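Notes follow the structure.
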Amino acid sequence: MLPWTTYEAMYEAALNQPEEFWLSAAQRITWKQGPAMACRERTDGWHDWFPDGTLNTCHNAVDRHVENGRGEQVALIWHSCATKEQQVVTYRELQDRVAGFAGGLRLLGVEKGDRVLIAMPTMIETAIAMLACARIGAVHVVVFAGYAGPELARRIDDVAPKVIIIASCSFQGQTPIPSAPALNDALALAAYRPQACVIVQRAACRTSLMPLRDHDFHTLEQSMPVEPVVLRSEDPLYILHTSGTTGHAKGIVRDNGGHAVALALSMDVIYGCEPGDTFFTTSDLGWVVGHSYGVYAPLISGCTSVIVEGGASASAIRTLCHEHGVKCLFTTPTQMRLMRQESRHLSEVILPALARVFVAGEYADPTLLEWARSYFRTPVVNHWWQTETGWSITAHFFGLPEREPVSLMNDIGRPAPGFRPAIVSSIPGEQCGEIVLSLPLPPGCLAGIWKNGAIRVPSAYLDETRRYYRTFDEGMIQANRAVHMLGRSDDVIKVAGRRISGVQIEKIIATHPAVHACAVVAIPDELRGQRPIAYVVLDSEAECMPSSEEIVARINEVLGRWVGLKEVRFVGRLPTTVSGKITRKRLLVS
Ligand code: AMP
């Protein structure tokens, strides 16, 4: 039973008595040593959550449910849209496999604090590898499986992983794409050398293991099981790279204690889920939603989590919801638009167990939400997220007894407990502007940025007073606290809910010797929300000019096809300010 019936009562409690609020929220998880303090400022000015608490996230996500009699409950259901395979794993089986693989990692020399890079598609083994790292205090770094050698190499050099784990292939549609070439390229390019690689052999495309370097995942799983180690709340659980304004992907660091508490609270108050419920996220495990709501939150809360490899069709989503009695579905507006398109050819859907559907990652227009509500015959709402925050900044709260009518839930909702948004604008009195968040951020948000082997204050996100976190999203706040989002204030582009920096694409295009200058901007896309378009100025004296197809192919090769670059416009010059800075916004109107 929650102690509040209304949103205001909950939000005010977190605002006015933050220590009491968060120490009480912390009781949702199992601690080795329970915290007596909620929040403490670090010497570098950032904040640690539950600094005197100790715990293990894997124990919270797996072992404690077995100890509490949920061993035979299904923990994970995996469906591959590429191969149509399905795997179902109970909490007891998950415990055995995770403990065994953790033992295997130990045999490879992985210890607390070491980084393990996981470049795999969404598979049961991906979740097992993540949880095994959490079990022994190693820091997992999950990298989207579609990255080519150079992007992978950059991440290898950034985090210096002791071990790299890959699957023998991933899939583009139904076509298997072997992973070994990208791994070998990356290792040839990277300055850092990992100690070992671990390969999940898949039937569709097995790979030969390189003697001394490679180990078989399923053999390592048979190792002597190891128990969860005791970690400090602020010890890092994972690093996840995301595109920022600078064009370099930043390693967002997440802690153990704050993360577990925030996710457990969110399952109660936002998603209204209880132990035993089934939660389904369509997100790839390589993105933040996959981390938080594919693996950690549902498992910490004793739910069953459905995860999928590859883009799920409307009929696949319906079938999975139906077969597994999904209560809560979490997807993207892009996925919803695809479903709307496909649903024209599908019969009516009746999913009695489905209680609510959430979307996030990009703008969802009210007509899309309306369509989804009538299609699923259930509440469908949008909420606002960032990789950096790890859970939703604003949301609609289905766990609270009193809430507004769903027909009014067309915006991104009101702040989750502990998030204190404000608007900053250079125009006095202007109600629209960049949305900033007062520090400290609530538990579960970034514990820092990974840089040169250490966790640093995320200075690039701080305003000049260093009292606010900059979201780089623009919007406005209503009197009832509801937030309206208008879009990004920087060059980040959201393609089908996934984030890519225009500058990151520009840097790759600019490596061609004939490219004199280039600029990448976002244009609206009917299905994917946005897609990038590149404006390129060629050096008229260069010997070998690239075609637009070559540029597109290069981006697909380095960053992956999901980036969706289809159009390259060759122009004579780019618009600039008097100081020579490219004015990307002017390209959008040209
Ligand atoms: P990511 O880190 O990939 O989750 O991307 C975060 C960014 O996605 C945010 O800064 C927003 O620009 C955008 N975003 C996330 N959720 C929403 C939403 N519900 N509505 C509009 N934009 C969103």
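The values are calculated or read from the model by the stated rules, or taken from the named source; none is laboratory data. Small disclaimer: the values here were computed from a predicted structure and weren't measured. Using ideal geometry, Cβ is built from the backbone for each residue, glycine included, and neighbour counts are taken over all protein chains shown. Please note that ligands, DNA and RNA were not included when accessible areas were found on the heavy atoms of the full protein model with its side chains. Shrake-Rupley method; radii C 1.70, N 1.55, O 1.52, S 1.80 Å.
Tabulated values for the structure
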read-out: For the chain, accessible area per residue (1.4 Å probe, heavy atoms of protein chains only), Å²; value: 39
read-out: Rounded to 5, percent antiparallel among DSSP beta bridges of segment 496-587; value: 75
read-out: Paramagnetic reach from Asn452 in segment 146-163 [backbone N under 16 Å; point 7 Å along Cα→Cβ]; value: 158-160
read-out: Gap separating the Cα centres of segment 65-88 and segment 234-305, nearest whole Å; value: 18
read-out: Sites matching GluC sites (Glu not before Pro) across segment 377-459 that sit in DSSP coil, with at most 16 neighbouring C-beta atoms within 10 Å; value: Glu402, Glu430
read-out: Rounded if a/c under 1.5, otherwise prolate or oblate - the chain, Cα gyration tensor axes; value: rounded
read-out: Two-site label geometry, Asp52 and Asp463: point separation in nm, points 7 Å out along Cα→Cβ; value: 3.4
read-out: Cα gyration tensor shape of segment 496-590, rounded if a/c is under 1.5, else prolate or oblate by comparing a/b with b/c; value: oblate
read-out: Protein accessible area in the chain, 1.4 Å probe - carbon and sulfur %; value: 52
read-out: DSSP-assigned coil residues among trypsin sites (Lys or Arg not before Pro) in segment 289-358, each with at most 11 further Cβ atoms within 10 Å; value: Arg344
read-out: When each of Lys84/Lys566; Lys162/Lys451; Lys32/Lys451; Lys494/Lys585; Lys250/Lys566 is checked by Cα-Cα distance, pairs over 21 Å; value: Lys84/Lys566; Lys32/Lys451; Lys250/Lys566
read-out: Extended-chain gain in nm, criterion 0.36 nm per residue less alpha-carbon gap, Asp539 and Asp96; value: 153.5 nm
read-out: Net charge contributed by nearby residues that have their C-beta within less than 10 Å of His248 (K/R +1, D/E -1); value: +2
read-out: Neighbourhood net charge (13 Å Cβ-Cβ; Lys/Arg +1, Asp/Glu -1) for Gly311; value: +1
read-out: Percent antiparallel among DSSP beta bridges (both partners in the chain, rounded to 5); value: 60
read-out: Point-to-point label distance, Asn184-Gln431, nm (Cα→Cβ direction, 7 Å offset); value: 6.1
read-out: Of the trypsin sites (Lys or Arg not before Pro) in segment 444-490, those whose Cβ has at most 13 other Cβ within 10 Å and which sit in DSSP loop; value: Arg466, Arg467
read-out: Around Ile477: net Lys/Arg minus Asp/Glu count, Cβ-Cβ under 14 Å; value: -2
read-out: Rounded if a/c under 1.5, otherwise prolate or oblate - segment 341-446, Cα gyration tensor axes; value: prolate
